[in-house]
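See below for the structure under consideration.
We did not get these values from a lab; they are worked out from the coordinates using the rules stated. All values reported here derive from a predicted model rather than from experimental measurement. When we count neighbours, we look across all protein chains shown, and the Cβ atoms used for this are built from the backbone with ideal geometry, even at glycine.
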Amino acid sequence: MFTDNDRQITGIQAIQEALAEEMRRDPNVVVFGEGIGERGGCFGQTKGLWNECGPERLIDTPISELAFTGMGIGASMAGLRPVIDLMYIEFMMDAAGQVVHQAAKVRYMSGGQFHCPLVLVAAIGRYNNAGPHHSGCYYPMFMHVPGLIVVVPSSARDLKGLLKSSIRSDDPVLFLEHKSLFSKKMAVPEGEFLTPLGQANVCRVGTDASIVAIGQMVEYSLAAATSLAKNGIEVEVIDPRTLVPLDEETVVRSVQKTRRLLVIDEAHETCNAAAEIATRVIEKAFDYLDAPIVRLSGAKVHVPYAPPMEQFVAPSPERIEQTVKELVA
Amino acid sequence: MKRKKAQDKTRGERAEAGCEVDEDRALDFYRSMARVRKFEEAAAQYVREGSIPGFIHAYIGEEAVAVGVCGALEPGDYVTSTHRGHGHALSRGLSMKSVMAELWGKRDGTNLGRGGSMHIFDASRHFLGTNGIVAGGVPLAAGAAFAIRYKKTGQIAVSFVGDGGTNHGAFLETLNIAAAFDLPLVIVVENNLYATSTPYACVTKTQDIALRGTAVGMAAETVDGNDVEEVHATARKAVARARGGSRPSLLVCQTYRTVGHYEGEPVAGTYRTWEEVEAWKQKDPIINYKKRLIERYGATIAEQLDRIDEEAGQEVASAVEFSRNAPFCAPVEATEHVYG
Ligand SMILES: Cc1ncc(C[n+]2csc(CCOP(=O)(O)OP(=O)(O)O)c2C)c(N)n1
Ligand SMILES: [Mg+2]
């Protein structure tokens, strides 16, 4: 748990620390990606590592996503622990076949003879008018594929703790970083710590309704919760942190207490993570619900460029607040 | 490579090589390049100021490529562009006001402000989009070329792509398929030596990109991409090959961006030296073309060129005013155009 005297660092610094610590700890950790060498990555994610790790371990690749993702997978089968940095999740689509057919299936197909201890890192989410090719979430597409672990942190502390756990995972992890975290300063404890995969975080305790929120929606939900508390409505806010495996137990326990559930997901509504979470709650805790589960999702449209339209397509703190009021009414 | 720098070539040599154009054409080239330059200088300023949202990749220093190539095209030809595409869009005759308004995210933008700099489309100009995905447009151009040949409509397709894009599977796969299928396609590589911060030389064994075309059996040539006349003359040959005989070409244009990868990135000092940038600024395609035209036609043309600069500046200023005052789409309009 974090305390008031924790230092404040940015999301990017948290990622840098996680990489530095894990690369020091395990010489098998290498990073593949465009511009992640001497320049420190397009978001600064490998800044400061060059002097220590050099070109043997920070592999600056050409713009050949399919090839260097596949190489990372092969390297993981041959004993390394690659971190494959794809910059934006959109660019992972050019390597999607490698991820789905190779990384995800190698352990299964080989009957457990091989496995792929690797991390696919990519930035996600609507942020600062990047337009339709740089604003997607897309984790639902990968949640569908057995064999992949899908991690979506919502704070600098979790970026660090979860990235470290992901690097140590023996299964392939998609580590998806919401761009809104990169330059924001947040409390992160000094020193090494791990955040376990598959464990949700109860970010705020409440009694009147449960919110399960993903990525930037956690920040929005906490803002809405603060405002709702002024009206005497106490919501519990849960961040699953890893979508696969999903910590159903924490969610179900919360719903058993509050009897109302709102799930908030920036990803497009159809088949998104919120749909999966809602289904699991219906399967496990239907009898506890006093009201239908409500979902707030990214619109079923691509993320447009112009600021007013861009804001329109994702849930906002105001919409969350309004929805909770209706849910508890 | 037996390629000469534009500056080294004498006028006689240029004429002999079939590069030199007549005076009207020369003025057109100059005007087109000046419009792109002034457009982007203004756009960059409004990005810094924050009135253009999002980010842009400026083409400053590379204008001769778009202008030289597009000068060889017919109105019906298809073009796919890149993330650095303002020059391609303007050179294809897209309205400057509409392109500027798209950058501002406004309703009057080429595509209603829903795309921005990296997603500029204009069906009326057969402009199949700037593109946020490196090499994303290359297969699309091949597809347009296929449709053209299938329907026997006689146009050609052109795809612009960066040096970095030539290492992407989409480029390499399309190169082969275009050659194998004899598509009426010209792939234009803008070799500005870097893909963001990564020097081409650091991630590619051979620096001769044209060899990739040769390897798949495609006509391939390398030109000085800062010499609009040389680009144009070579593009004309490639265009003729595509239009007349349905044979694809790879045209590699050696050039340089004298600005950062995106507006806001330091121009030099991180992965490029100031000396290198300064040396390329000496080869600026617009400044040098102006000098050359004055040498060629005498001082009288200088006045005309100055007037062109001034008019381009005015056109940009009015595009900015137009864009600033244009309305945004209503937020709910974000839901339109997902399906037909
Ligand atoms: C498939 C894909 N990978 C990575 C990126 C990120 N990216 C944007 S521009 C760029 C460099 C492109 O270099 P080049 O093709 O040489 O074009 P230039 O920017 O030099 O004009 C990169 C890596 C992207 N947009 N698409
Ligand atoms: Mg380049």
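Work out the charge dipole of the protein assembly as shown with +1 on the Cβ of Lys and Arg and -1 on the Cβ of Asp and Glu about the Cα centre, then indicate which of A:58, B:154, A:162 is farthest towards its positive end.
Ranked along the dipole, the leading option is B:154.
Towards the positive end of the charge dipole of region A:8-187, with charges on Cβ (+1 Lys, Arg; -1 Asp, Glu), say which of A:150, A:89, A:46 has the farthest Cα.
Toward the positive end, the furthest listed residue is A:150.
What chymotrypsin sites (Phe, Trp or Tyr not before Pro) in region B:291-340 are in a loop by DSSP, with at most 11 other Cβ atoms within 10 Å of the Cβ?
On the way: sites: B:297, B:322, B:328, B:339; in loops: B:328, B:339.
Filter output for region B:291-340: B:339.
So, with +1 on the Cβ of K and R and -1 on the Cβ of D and E, and no other charges, what is the size of the charge dipole of region A:201-328 about its Cα centre, to the nearest 20 debye?
The dipole magnitude comes to about 160 debye.
Within a 10 angstrom radius of the beta carbon, how do A:114, A:312 rank from fewest other beta carbons to most?
Least crowded to most crowded, the residues run A:114, A:312.
Taking the Cα atoms only, what angle lies between the long axis of helix A:248-258 and the longest principal axis of chain A, rounded to 10 degrees?
20
Counting pairs of Cα atoms in region A:105-255, how many percent are more than 29 Å apart? Mind showing how you got there, number by number?
Details: 2410 of 11325 pairs.
Result for the distance tail: 21 percent.
Given contacts defined as C-alpha pairs under 8 Å and at least six residues apart, what's the relative contact order of region A:201-328, whole-number percent? Provide the component values of the computation, followed by the final result.
Working: 230 pairs, mean separation 36.6, N = 128.
Once divided by the residue count of region A:201-328, the mean separation gives 29 percent.
Strictly greater than 27 Å: what percent of every Cα pair in region A:201-328 meets that?
Value for region A:201-328 (Cα pairs over 27 Å): 12 percent.
Angle check, please: helix A:273-285 long axis (alpha carbons) against the longest principal axis of chain A (alpha carbons), in degrees 0 to 90, nearest 10.
60
Give the aspartates and glutamates reachable from residue A:47 as a straight Cα distance under 14 Å; neighbours fewer than 8 places away on the same chain don't count.
Straight-distance partners of residue A:47: A:17, A:21, A:34, A:38, A:60, A:85.
Once you charge only the Cβ atoms, +1 for Lys and Arg and -1 for Asp and Glu, what is the size of the charge dipole of region A:8-187 about its Cα centre, to the nearest 20 debye?
Values: 16 positive and 17 negative charges, 97 e Å.
Dipole magnitude for region A:8-187 comes out near 460 debye.
Can you return the lysines within cross-link range of residue A:105? Criterion is Cα-Cα under 19 Å, with same-chain partners fewer than 8 residues away left out.
Cα-Cα hits under 19 Å: none found.
Pairs to check: B:97/B:290; B:237/B:290; A:184/B:205. Give those whose C-alpha atoms are more than 31 Å from each other in this structure. List each step's numbers first, then the result.
Working: B:97/B:290 26 Å; B:237/B:290 25 Å; A:184/B:205 40 Å.
From B:97/B:290; B:237/B:290; A:184/B:205, over 31 Å: A:184/B:205.
With +1 assigned to the C-beta of every Lys and Arg and -1 to the C-beta of every Asp and Glu, and no other charges, what is the dipole magnitude of the protein assembly as shown about the Cα centre in debye, to the nearest 20?
Value, rounded to 20: 880 debye.
Consider just the alpha-carbon atoms of chain B and return their Rg together with their Dmax, both in angstrom.
Rg then Dmax for chain B, in Å: 19.3, 61.
For region A:147-214, what mean projected area does the convex hull of the alpha carbons give, in nm²?
5.6
When N counts the residues of region A:8-187, how does its alpha-carbon radius of gyration compare numerically with 2.2 N^0.38 Å, as a ratio? Kindly include the intermediate steps, with their values, before the conclusion.
On the way: Rg = 15.0 Å, N = 180, 2.2 N^0.38 = 15.8 Å.
Normalised by 2.2 N^0.38 Å, the Cα Rg of region A:8-187 equals 0.94.
Tell me what chain A gives for mean residue ellipticity at 222 nm when only DSSP H runs of n ≥ 4 count, each as -39,500 (n - 2.57), the sum divided by the residue total, rounded to 500 deg cm²/dmol. Kindly include the intermediate steps, with their values, before the conclusion.
Values: 12 runs with 119 residues, N = 329.
Result for chain A: -10500 deg cm²/dmol, rounded to the nearest 500.
I need to check one value: relative contact order of region A:8-187, counting alpha carbon pairs closer than 8 Å and at least 6 residues apart, in percent.
27
Once the Cα gyration tensor of chain A is found, what semi-axes does its equivalent ellipsoid get, as square roots of 5 times the eigenvalues, in whole Å, sorted largest first?
Taking √(5λ) for each Cα gyration eigenvalue gives 33, 21, 19 Å.
May I ask you to sort B:70, A:53 by Cβ crowding, counting other Cβ atoms within 10 Å and putting the fewest first?
A:53, B:70
Relative contact order, percent, of chain B when contacts are C-alpha pairs under 8 Å separated by at least 6 residues? Could the numbers behind the result be given before it?
Working: 646 pairs, mean separation 76.9, N = 340.
Normalised by residue count, the contact order of chain B is 23 percent.
Which value in deg cm²/dmol, rounded to the nearest 500, describes the helix-derived mean residue ellipticity at 222 nm for chain B, given -39,500 (n - 2.57) per DSSP H run of n ≥ 4 and division by the residue count? Don't jump to the answer; show the numbers that get you there.
Numbers: 13 runs with 158 residues, N = 340.
Only helices count here, giving -14500 deg cm²/dmol.
Using only Cα atoms, figure out Rg for the protein assembly as shown and give it as a multiple of 2.2 N^0.38 Å. Show your work: numbers first, answer last.
Working: Rg = 26.8 Å, N = 669, 2.2 N^0.38 = 26.1 Å.
Rounded to two decimals, the normalised Rg is 1.03.
Cα centroid distance between region B:38-107 and region A:77-144, in Å?
Centre-to-centre distance over Cα atoms comes out at 33 Å.
Which net charge results for the neighbourhood of residue B:171, defined as the other residues with beta-carbon distances under 14 angstrom from its beta-carbon, given Lys and Arg at +1 and Asp and Glu at -1?
Residues near residue B:171 contribute -4 overall.
If we count other beta carbons within 10 Å of each Cβ, what is the order of B:52, B:133, fewest first?
Starting with the residue having the fewest Cβ neighbours, the order is B:133, B:52.
Could you order peptides B:24-37, B:233-246 by the average number of other Cβ atoms within 10 Å of their residues, highest first?
Put in order of decreasing packing, that is B:24-37, B:233-246.
Picking from A:112, A:229, A:70, whose Cα lies most toward the positive end of the charge dipole for chain A (charges on Cβ: Lys, Arg +1; Asp, Glu -1)?
A:229
Can you give me the C-alpha center-to-center distance between region B:295-340 and region B:111-145, rounded to a whole angstrom?
Between the Cα centres of region B:295-340 and region B:111-145 lies a distance of 19 Å.
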